[in-house]
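Just below is one structure, and these are the notes that go with it.
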Amino acid sequence: MSNNKISIVVPMHNEADVLAQLVTALGDTLTNEDYELIGVDDGSTDDTVTILHQLASEHPNIVPVVLSRNFGKESAMAAGLDVAIGDAVILMDADLQHPPEVIPTMLQRWRDGADIVNAVKRSRGRESVVYTFAAKTFYQLMGSALGDDFNKQSDFKLLDRQVVDTICACNERNRFFRGLVAWVGYSVEEVPFDVAPRAGGHTSWTLPGLVRYSLRSLIAFSATPLLLIAWMGFFTTAAAGLLGLQTLWNYSTGVAVDGFTTTILSVLIMGGAILLCLGVVAIYLSVIYDELKRRPVFVIRRPRTSQSTK
Ligand code: UDP
Ligand code: MG
């Protein structure tokens, strides 16, 4: 058995159907490793917590972490990283879409010296055309903000202890794990994998949830939308100056036309543009407001002791 301690962190939201399969699959793959499995229950409404505790009573290396409500996958991963004690920490999904068979290769790369091992998608699995297009656009924008290729990236990663400590020290609330990992630097290796179909249950993501998550992540890492507004303001002012000069010229030469349509159109277009720009600024403001409150990223619900159950 290797003398390194490995932590496997798994965020779980309504994963009762797949938990036992996950534990067996990890056990079969990591036969020669000293590992702990940190199962972070993210406010599940099914039997995830019960099954997690039951599995923990059978396998002493399972550490159940129960959040006080559904905080979202990013917060659940942050909670897992906080609790993990391993020399290396592996983050993976509960539904076996991240195949455990890839883990030995990731561990080998880490033992050969890599601080971060990214499991990258060889193919993106089965997704709708709209989803693929939206994901590509989002990752393009994130890539231009962080200078990384995000399209093939996943949350399936191995992090060395010092990387985990650096990420835990980043206490921003609007978290985008993949962005943080790209931002911290260190030496990075990649291992390809094929996204497997979900082992059971179903995805917790909804379209509005995904849009909100993408917007927040983009804003947490990029000021490009704000800069675009500044450029828009610059070009509009330049165009307005030229148009103003032409209008004055027409007025002075007596050929000014009575342009009611033009006036209405320019008022509407400018009004719309100003409101749109204000909206972008408002989104940034709301994120700043959220950060300013400095509330914790997650809340762990501790099991009650017998004295405190009154
Ligand atoms: N997850 C979570 N909290 C949430 C939503 C999802 O912890 O609010 C977990 C989920 O249990 C799974 C992982 O995040 O382990 C990925 O979720 P899912 O499989 O639903 O997403 P997809 O694979 O479709 O991107
Ligand atoms: Mg999944």
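Worth pointing out:
Let's see how each residue does on (1) at negative phi; (2) within 9 Å of ligand 1 (Cβ to nearest atom); (3) not in a helix (DSSP H, G or I):
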residue: LEU55; (1), (2), (3): yes, no, no
residue: PRO60; (1), (2), (3): yes, no, yes
residue: VAL65; (1), (2), (3): yes, no, yes
residue: SER75; (1), (2), (3): yes, yes, no
residue: VAL89; (1), (2), (3): yes, no, yes
residue: LEU96; (1), (2), (3): no, no, yes
residue: THR105; (1), (2), (3): yes, no, no
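- Among residues of the range 103-123 that are more than 11 Å from VAL191 (Cα to Cα), none has a Cβ under 8 angstrom from a residue that is surrounded by 21 or more Cβ atoms within 10 Å (Cβ to Cβ) and at pLDDT below 95 at a sequence gap of 6+ or on a separate chain.
- Here VAL66 does not fit the description of being in contact with a strand residue (DSSP E or B) (Cβ under 7 Å, 6 or more places away or on another chain), surrounded by fewer than 23 Cβ atoms within 10 Å (Cβ to Cβ), without any contact (Cβ under 8 Å) to a residue 40 or more places away in the chain and farther than 27 Å from VAL188 by Cβ.
- ALA273 being more than 23 Å from ALA78 (Cα to Cα), touching a residue at least 24 places away in the same chain (Cβ under 8 Å) and either out of contact with any Phe, Trp or Tyr (no Cβ under 9 Å at 6 or more places or on another chain) or not acidic (Asp, Glu) (or both): yes
- Count of residues meeting criterion [under 17 Å from LEU91 (Cβ atoms), within 14 Å of ligand 1 (Cβ to nearest atom) and of a type in the set (Ser, Thr, Tyr)] in the range 1-53: 0
- The one condition in (1) assigned to a loop (DSSP other than H, G, I, E, B); (2) buried (at least 18 other Cβ atoms within 10 Å of the Cβ) that ALA145 fails to fulfil: (1)
- Residue selected from the range 148-182 under the condition acidic (Asp, Glu) and free of Cβ contacts under 8 Å to residues at least 60 places away in the same chain, by the criterion surrounded by the most Cβ atoms within 10 Å (Cβ to Cβ): ASP148
- The set of residues in the range 34-63 that are among the acidic types (Asp, Glu), buried (at least 18 other Cβ atoms within 10 Å of the Cβ) and over 20 Å from GLU172 (Cα atoms) comprises GLU36, ASP41.
- Set SER286, SER252: member being within 19 Å of the chain's Cα centre (by Cα), away from ligand 2 (no atom under 16 Å from the Cβ) and hydroxyl-bearing (Ser, Thr, Tyr): SER286
- For PRO225, the test of being at pLDDT 80 or above, touching a strand residue (DSSP E or B) at 6+ places or on another chain (Cβ under 7 Å) and surrounded by 13 or more Cβ atoms within 10 Å (Cβ to Cβ) is failed.
- A Cβ distance below 6 Å, combined with a sequence gap of six or more or placement on separate chains, defines the contacts here; from the range 203-224, residues that are within 16 Å of ligand 2 (Cβ to nearest atom) reach residues that are modelled with pLDDT of 80 or more in the pairs SER204/HIS13.
- Among residues of the range 1-25, those that are within 16 Å of ligand 2 (Cβ to nearest atom), touching a helix residue (DSSP H, G or I) at 6+ places or on another chain (Cβ under 6 Å) and part of a helix (DSSP H, G or I), counted: 2
The values are calculated or read from the model by the stated rules, or taken from the named source; none is laboratory data. Predicted model only: the values in this text are computed from it and were never measured. Please note: Cβ atoms are built from the backbone with ideal geometry, for glycine as well, and neighbour counts cover all protein chains shown.
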